[in-house]
Amino acid sequence: MRLFWLCLSVGLYTSISSAQNINEKLVAFFSFSECKAQDESGNGSTGAPVGDPTCRCGVLDSALSLDGKGDAIFFVGPLSDVFTLSDFTISFYFKPGPVNPNAGGSQVILSKQASCDPSAKALWVRYNPKSRRISSGLVQDQNAFVTVTADLDPTACWQHIVLIRSNTNYSIYVNGVLKDRRSTSMRLDLTSGAIFKVGEPICLLDESFFGDFDELRIYSRALTQDDIDALYVRPDRILTGDTIIYLGNSFIARSNPACTQNLQWTPAATVSAPNGAEPLITPTVSATYRLSFFHQGCTAYDTLNVKVIDPDTLDCNQIFIPNAFTPSASPGRNDLFAISNPYAVDDFISFEVFDRWGGRVFEAASVFDGWDGSFQGQPLNAGVFLYRLRYRCKGEERFKSGTVTLLR
């Protein structure tokens, strides 16, 4: 059976390697691979676990799990020099532990704060497990400070948090989405000798952090939205974008489960493996599929919208051809130039693409074939190309021509 579907530009995974200069001004990077608190940036910061953090499955490999009873991680080295007057970005993932109904105050996730004195220079990140809100503050003194807050993503267990100081602005992002931004009248001076820590309480009502912590990155610059998107690896998400498919066809739905093999697709009737990460889906009607990722004490979920088109209902007078495509830029999405609704073509004659000098660079063997942006096995440079489609509609020969832009 021929597989043919169109993926809309919705929710596809972008790898870290696709971002340009993602390591520019990276001061410290702790992936906690093999549960070691080693700086992989090469800049010489070090991490020292306190108590007995355990090794758990993480976002990409392993993570450190703190028990909320004294476990912490202390960091020293060049990363401390970032928190002065300069711009900076802190990026990390965390997965909260189950809520303790007897717990008191908020849990301290990150801090660079020597005491609870409101006049002391400080950076802190706190999480309230009852309200599922995260907050962060920068303090120069009791008259110069800023606080940002955000609700966690209710569909996710792993939460990607990005905190950015850019000049006088302070911002918080959750799973790639800007949640809050506040400004101060001046650039706050955070210079202090306090140790950068994960998990240790600061004030009397604070609690130790209870949960998993992973992928800590610290930059001496303000990241862009593109950078943030690249760092978000979409754990527990469906990687396949919303899809249009013709009745009778199938497609593979891919997902990115982190730390769980306990999955469930619904509705399950048209899914080949309802508990699998990459099942074959053969929809008979348009539907929204939901994939649940079950973790201990938490369930994440994502959805995939699928529109099913019956070829018999298509009108050969309405043939759709895109005006741009991006081969190799996003594998699996928009990487072929082809007729968008090929089943609407009653009787295919030819589909050709020409360069600006009139040289033919592609000829389709069938109505389902698409051009990958190459000629004689070599990728062509970005530019504008001409296309020509010849077909019969209800016995009458038709022509459709236009331009397509190849983007790289």
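Summary of computed values
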item	result
Charge tally in the Cβ shell below 12 Å around residue 209, where Lys, Arg are +1 and Asp, Glu are -1, residue 209 excluded	-2
Under 16 Å from the Cα of residue 307 - aspartates and glutamates, other chains or at least 8 residues apart	242
Three-way shape call for region 26-219 based on the alpha-carbon gyration tensor, with the a/c threshold at 1.5	rounded
Cα-projected label distance for residue 357 with residue 266, points at 7 Å along beta-carbon direction, nm	6.1
Neighbour-count order for 407, 389, fewest beta carbons within 10 angstrom listed first	407, 389
Neighbour net charge for residue 96 - beta-carbon separation under 9 angstrom, K R +1, D E -1	+1
Cβ-derived FRET efficiency at R0 35 Å, residue 21 paired with residue 303, nearest 0.05	0.60
Fewest-first ranking of 138, 178, using other Cβ atoms within 10 Å as the exposure measure	178, 138
Eligible lysines near residue 69 by straight Cα distance, threshold 28 Å, same-chain separation 8 or greater	36, 95, 112, 121, 130, 197
Most fluctuating residue given options 340, 31, 136, as computed from a GNM of the chain linking Cα atoms under 10 Å	340
Correct choice for Rg and Dmax of the Cα atoms in Å that was computed from the model, options [x] 21.5, 79; [y] 26.0, 84; [z] 24.0, 76	[y]
Gained length - residue 181 relative to residue 52, 0.36 nm times residue gap less alpha-carbon distance	42.9 nm
Rounded Å value of the spacing that divides the Cα centres of region 97-135 and region 377-391	57
Pair residue 336, residue 167: separation of 7 Å Cα→Cβ label points (nm)	4.7
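A short reminder: the numbers here are calculations on the coordinates, not readings from a lab. Not measured: the values here are computed from a predicted model. Neighbour counts are summed over all protein chains in view; Cβ atoms, including those assigned to glycine, are modelled from backbone coordinates with ideal geometry.
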